[in-house]
Amino acid sequence: MSIPYDEAGLAGSFGSFPKSFDYGAEEPEVGLSTCSDKPRILLMGLRRSGKSSIQKVVFHKMSPNETLFLESTNQIYKDDVSSTSFVQFQIWDFPGQVDFFDPTFDSEMIFKGTGALIFVIDAQDDYVEALSRLHLTVSRAYKVNPDINFEVFIHKVDGLSDDHKIETQRDVHQRANDDLSDANLEKVHLSFYLTSIYDHSIFEAFSKVVQKLIPQLPTLENLLNIFISHSGIEKAFLFDVVSKIYIATDSSPVDMQSYELCCDMIDVVIDVSCIYGLMADGSGCAYDKESMAAIKLNNTTVLYLKEVTKFLALVCIVREESFERKGLIDYNFHCLRKAVHEVFEVSGVASLPCPQRNGCLKFAAQNGSIL
Ligand SMILES: Nc1nc2c(ncn2[C@@H]2O[C@H](COP(=O)(O)OP(=O)(O)O)[C@@H](O)[C@H]2O)c(=O)[nH]1
Ligand SMILES: [Mg+2]
């Protein structure tokens, strides 16, 4: 891999995120919602199923091996990731074995403001008990709030062969849905994901969970579709930089390898910046408006990263010949960036579903005309 392209004046603008990373305050926050009405994501499941590990790896850059030393969680751990992440959600990590019949467990209060409930099942363990717990949790939560998205992470699949993974998913799916129909709860929809903290699957699954909670998603997808088609780009992801969750992508299918490459690109840019970009005393901004990078790969494609907001980056996969028209890409990127800011500013103020805003955009077409 070579880094053929490095725009002048960027020294100090790339940056890595230490675990205590914080952003500079100069740009207004562009996030999902105002602080008071942040939807909650709950992480539930049996003890040692991997909940705290998921939370630490995705939102706090903990390396998977370090999770071996995590202590067990004895109380609800409320993590507000909104100061470092676009994902303005609270993540509540529950200790295993929450007792729903304990009078101190206020399910009304807990489930009312919940956007998604992630139930983690350890696939390397016998999951009979986990399934009955899942059923109890889902039926209880559904009664309080039928709008919750129920997401089941079949977790720790790194220890399973491909066949075993598919078989486990089929089995968990079947049994969980059978339990629901036995209780006349066929209406409840469960989504299933195979996950592991040792590869990108946990980021990909979390991306899908978060995307379902973003009302502006169709607008963002639309903008990205227009952007790539007018710029000759193969694929574009809008990433939450700190968590590497992609909050939107264009509508062409996502292949895991491209997603992983783009995640790695963020790590490279941020790590180089943290090591060489910050001042000796640690001051300076690791990621700001000027942050961008291009990496030419040996398969005639280029990875191109640019800052969109203080939390978001656009990472694109571009063919080398299309990258020759970098002026066009940059012009269209400028339009896209403006539109993304508008989308979130409008919704932030009015808290209303966002109008389709691309009507006011003027993307340039590959033949040079303004659309
Ligand atoms: N093999 C494997 N182990 C995992 C994975 N996720 C978590 N673990 C391990 O599972 C154990 C329990 O994790 P922890 O997060 O404390 O579980 P919790 O009680 O649900 O919060 C730890 O030793 C983790 O290292 C995974 O994806 N694969
Ligand atoms: Mg825990």
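The values are calculated or read from the model by the stated rules, or taken from the named source; none is laboratory data. Everything numeric here is computed off the predicted structure, so don't read it as measured data. Don't worry about glycine lacking a Cβ; one is built from the backbone with ideal geometry, like all the others, and counts go over all protein chains shown.
For (1) more than 16 Å from ligand 2 (Cβ to nearest atom); (2) under 8 Å from the mean Cα position of the chain (by Cα); (3) closer than 12 Å to L336 by Cα; (4) free of Cβ contacts under 8 Å to residues at least 40 places away in the same chain, each residue gets a yes or a no:
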{"residue": "Q211", "(1), (2), (3), (4)": "yes, yes, no, yes"}
{"residue": "P215", "(1), (2), (3), (4)": "yes, no, no, no"}
{"residue": "N222", "(1), (2), (3), (4)": "yes, no, yes, no"}
{"residue": "F227", "(1), (2), (3), (4)": "yes, no, yes, no"}
{"residue": "F239", "(1), (2), (3), (4)": "yes, yes, no, no"}
{"residue": "S243", "(1), (2), (3), (4)": "yes, yes, no, no"}
The one condition in (1) basic (K, R); (2) more than 19 Å from M62 (Cα to Cα); (3) crowded, with 19+ Cβ neighbours inside 10 Å that K296 fails to fulfil: (3)
Residue list for the range 65-94, filter: more than 7 Å from ligand 1 (Cβ to nearest atom) and in a helix (DSSP H, G or I): N65, E66, F69, V81, S82, S83
Residue pairs meeting the criteria (Cβ under 7 Å; at least 6 apart or on separate chains; first farther than 18 Å from V241 by Cβ, in the range 52-69; second more than 12 Å from ligand 2 (Cβ to nearest atom) and modelled with pLDDT of 90 or more): S53/I197; I54/I197; I54/I202; P64/V57; P64/I197; P64/Y198; T67/V57; T67/I197
Search result, residues across the range 44-54 that are within 8 Å of ligand 1 (Cβ to nearest atom) and not in a loop (DSSP other than H, G, I, E, B): G45, K51, S52, S53, I54
Which listed residue, of C335, C274, is at pLDDT 90 or above, part of a helix (DSSP H, G or I) and surrounded by 19 or more Cβ atoms within 10 Å (Cβ to Cβ): C335
Among the candidates R133, R175, residue that is assigned to a helix (DSSP H, G or I) and within 16 Å of ligand 2 (Cβ to nearest atom): R133
Residue match in the range 184-193 (condition: surrounded by fewer than 22 Cβ atoms within 10 Å (Cβ to Cβ) and assigned to a helix (DSSP H, G or I)): no
Check on F206, touching a residue at least 60 places away in the same chain (Cβ under 8 Å), within 16 Å of ligand 1 (Cβ to nearest atom), part of a helix (DSSP H, G or I) and crowded, with 22+ Cβ neighbours inside 10 Å: yes
Y198 vs. criteria in contact with a helix residue (DSSP H, G or I) (Cβ under 6 Å, 6 or more places away or on another chain), without any contact (Cβ under 8 Å) to a residue 60 or more places away in the chain and either surrounded by 15 or more Cβ atoms within 10 Å (Cβ to Cβ) or under 29 Å from L68 (Cα atoms) (or both): no
